[in-house]
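Q: Sending over a structure as structure tokens; questions will come in a sec.
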Amino acid sequence: MVERRPKTSMAGQSKAQSGDMTETSAQTSDPGASPSRRRISKIAIRVWIVLVGVLFLSGAVVPLATDSLSFWFYMFQWIALAVGLNLAAGMIGYLPFGYVAFFGSGAYATGILVQIYAAPLWVGIVGAALVGALVSLLFAPTLRLRGIFFSIVSMSLAIVMQHLVSLLPSEFAGGSAGITFAREQRPQLYYYCMVVVAMLAVLAMTVLVLSRQGLMLKAIRDDPDVARVIGLNVSAWRLAAWIGAAVIAALCGSLEGLYSSIIDPHASFNILISAKAVIYAAIGGFGTVMGPVLGAVGMSVIDEIVWSRFPIANLFVLGAIVAVVTLYMPRGVVGAMLKKSPRFRRWLF
């Protein structure tokens, strides 16, 4: 016997095809919202926000509960710097070894405005953010380079800026001796300002990664030519992320200068600042929200423990830890977990 199959009318087939096309177009019409909602659990997002809130609330009560204000200040500084560097390296694919140029620019902007010209404190901090954005625009032509060439040029520009600042007249920028803040020091105020900067950086990165704009930036990072074909303004998006990363670093430099009360070319433009920001973000995982935060917090704690117990071998031990993590987890802790088990994508982002 021959099995008879029910006939399907052309109208029914057309309707089904139309429905499929409608569903496909609905999935692709909003590339920023639907993929993130499908991949990432809403519970995971809420848990992450709660954890971030607990971290920063803990930071808010630190001055009342402990004397180790300096450790917490620099931990939040490294969180902000790692997140800012991740915006450039993880979202648009540029690894700036000269990231410290923005840090130092912000520090000197605040020093000149507050100490030399006696401007209010808030003017010095806002001025640092503006100077960081201006310096990023001056460095913007380097975005035409890619890979190691960009990294080398950015580091070279940071070294050039260090020497230029040291050659400025002493009555304007302190010369090679730098600037010392003579005003009354308020370390707790600068600490809370750093907490706010780090919190805003983390929240902004969270919103960005979960939005359409975050997918656009990652598309530009992965294949800029294809991104141009689908209509994305690659240059504009790169520049926006670049300026955002620079402003975060400039604010950190401004607050660190106020907190330490001394700004000098060697400390403010120390390449080690760029190196530690890169290491902390890389250990956690570039291109993720959680990675740089976890990397900065974890390495800050490890650095403090190693320094207190092995002061002489501090750099050796830290270097060994970084080498082992990089060797066995080249994508960072979060990246390694995502690679090992794809189901973690609903919880880690």
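Nothing in this text is a laboratory measurement; each read-out follows from the coordinates by a stated rule. Small disclaimer: the values here were computed from a predicted structure and weren't measured. Cβ sites come from the backbone with ideal geometry, for glycine too, and all protein chains shown count toward neighbours.
Q: Measure out, as a whole number of angstrom, how far apart the alpha-carbon centroids of region 270-293 and region 150-177 sit.
A: Cα centroid to Cα centroid, the span is 24 Å.
Q: In addition: Any idea which of Leu200, Ser41, Val333 is furthest toward the positive side of the dipole for the chain, if Lys and Arg beta-carbons carry +1 and Asp and Glu beta-carbons -1?
A: Ranked along the dipole, the leading option is Ser41.
Q: Between region 64-112 and region 217-260, how far is it from one alpha carbon centroid to the other, in angstrom?
A: Using only Cα atoms, the two centres lie 15 Å from each other.
Q: A further question on this structure: Loop sites only, by DSSP: take the GluC sites (Glu not before Pro) in the chain that have at most 14 other C-beta atoms within 10 Å and name the longest stretch containing none of them.
A: Between the exposed loop sites, the longest stretch runs 4-183.
Q: Hey, another quick one. Rounded if a/c is under 1.5, else prolate if a/b beats b/c, else oblate: with a ≥ b ≥ c from the C-alpha gyration tensor eigenvalues square-rooted, which is region 196-349?
A: The shape class here is oblate.
Q: Do the sum for the chain: with -39,500 (n - 2.57) for every DSSP H run of n ≥ 4, divided by all residues, what is the mean residue ellipticity at 222 nm, to the nearest 500 deg cm²/dmol?
A: Only helices count here, giving -24000 deg cm²/dmol.
Q: What number of lysine-lysine pairs in the chain show an alpha-carbon separation below 28 angstrom, given a sequence spacing of 8 or more or placement on distinct chains?
A: 9
Q: Follow-up. Please determine, in degrees from 0 to 90 and to the nearest 10, the orientation of helix 187-209 with respect to the longest principal axis defined by the Cα atoms of the chain, where the helix direction is its Cα long axis.
A: 20 degrees
Q: Here's a follow-up. In terms of the Cα gyration tensor, with a ≥ b ≥ c the square roots of its eigenvalues, is region 115-162 rounded because a/c is under 1.5, prolate because a/b exceeds b/c, or oblate? Let's see the in-between values first.
A: Numbers: a/c = 4.29, a/b = 2.50, b/c = 1.71.
Here region 115-162 falls in the prolate category.
Q: A further question on this structure: With a ≥ b ≥ c taken as the square roots of the eigenvalues of the C-alpha gyration tensor of region 266-329, please select rounded if a/c is under 1.5 and otherwise prolate if a/b is larger than b/c or oblate if it is not?
A: On the way: a/c = 1.73, a/b = 1.24, b/c = 1.40.
Oblate.
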